[in-house]
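Note sheet for the following structure.
None of the figures in this text is laboratory data; all of them are computed from the coordinates on show. Just so it is clear, the model here is predicted, and its values are computed rather than measured. Glycine also receives a Cβ, built like all others from the backbone with ideal geometry; neighbour counts cover every protein chain displayed.
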Amino acid sequence: MSENGVNKARRNFLLGATSVVGAAGVVGVAVPFVGSWNPSAKALAAGAPIKVDVGKLAPGDMLGPIPSWRSKPIFVVYRTDEMLETLDESTDRLADPNSQDDQQPPYATNPTRSIKAEILVLVGICTHLGCSPKYRPAIEPKEFDPNWLGGFYCPCHGSKFDMAGRVYSGVPAPSNLEVPPHYYETDSVIVIGEDKETA
Ligand code: FES
């Protein structure tokens, strides 16, 4: 998906999230639920897990329309090998490169902050004041960072996160983007909102 496509998806999310229908309504439309598993809107609003299928996600893309869990946008990104290589390059510019803060489950406390190296699952909420960062995957100079290696940029106050959602040093956001509880039900279907052992 292009950055424009991503922006469009995010705009759709924001429009939905601010409507009276609320995020549960957005989920009902946006998330490719699988099979007959389809929790009610009431259950979703109460925080029920959601399922997403990443089987058709192309390398480099973020799943769109952006799904929602507990009224929060969820970023699901299929990282390329090149993106994964940037994780080593960015560490000396990060505030918490080894994920010491409690911002992810134990199974995502690793260099890629994920279960499968290529698939990143994040809560798309900036840890500063709660804006939703923008997906900026291209490795190219940006107006906010001439040495940008790809990642997520929060335009509200300029926080930057790398391709694992790790926060840069010297920005307003105090911690890495959160990794929600999740597990793989099949090779391509991810349950987001609960851990496997509690499912
Ligand atoms: S809310 Fe993201 S930088 Fe302030």
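Key figures
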{"read-out": "Simple spin-label estimate for D96 and F144 in nanometres, 7 Å along Cα-Cβ", "value": "1.9"}
{"read-out": "Loop-located trypsin sites (Lys or Arg not before Pro) in the range 39-98 whose Cβ has at most 15 other Cβ within 10 Å (DSSP)", "value": "K56"}
{"read-out": "Given charges at Cβ of Lys, Arg, Asp, Glu: the range 81-138 dipole, positive-most of Y135, Q100, P111", "value": "Y135"}
{"read-out": "Furthest towards positive pole of dipole, I125, P146, V171, structure part the range 55-199, Cβ charges", "value": "I125"}
{"read-out": "Extension gain, A58 back to E194 (0.36 nm per residue minus Cα-Cα distance, nm)", "value": "46.5 nm"}
{"read-out": "12 Å beta-carbon shell around L94, net charge (K/R +1, D/E -1)", "value": "-2"}
{"read-out": "Where labels lie 7 Å past Cα in the beta-carbon direction, separation of E85 and L129 in nm", "value": "3.9"}
{"read-out": "Nearest-20 debye value, the range 59-129 charge dipole, Cβ charges on Lys, Arg, Asp, Glu", "value": "480"}
{"read-out": "Segments 96-107, 125-136, 161-172 sorted - mean Cβ within 10 Å per residue, highest first", "value": "161-172, 125-136, 96-107"}
{"read-out": "Relative contact order of the range 43-170, pairs being alpha-carbon contacts under 8 Å that are 6 or more residues apart, as %", "value": "22"}
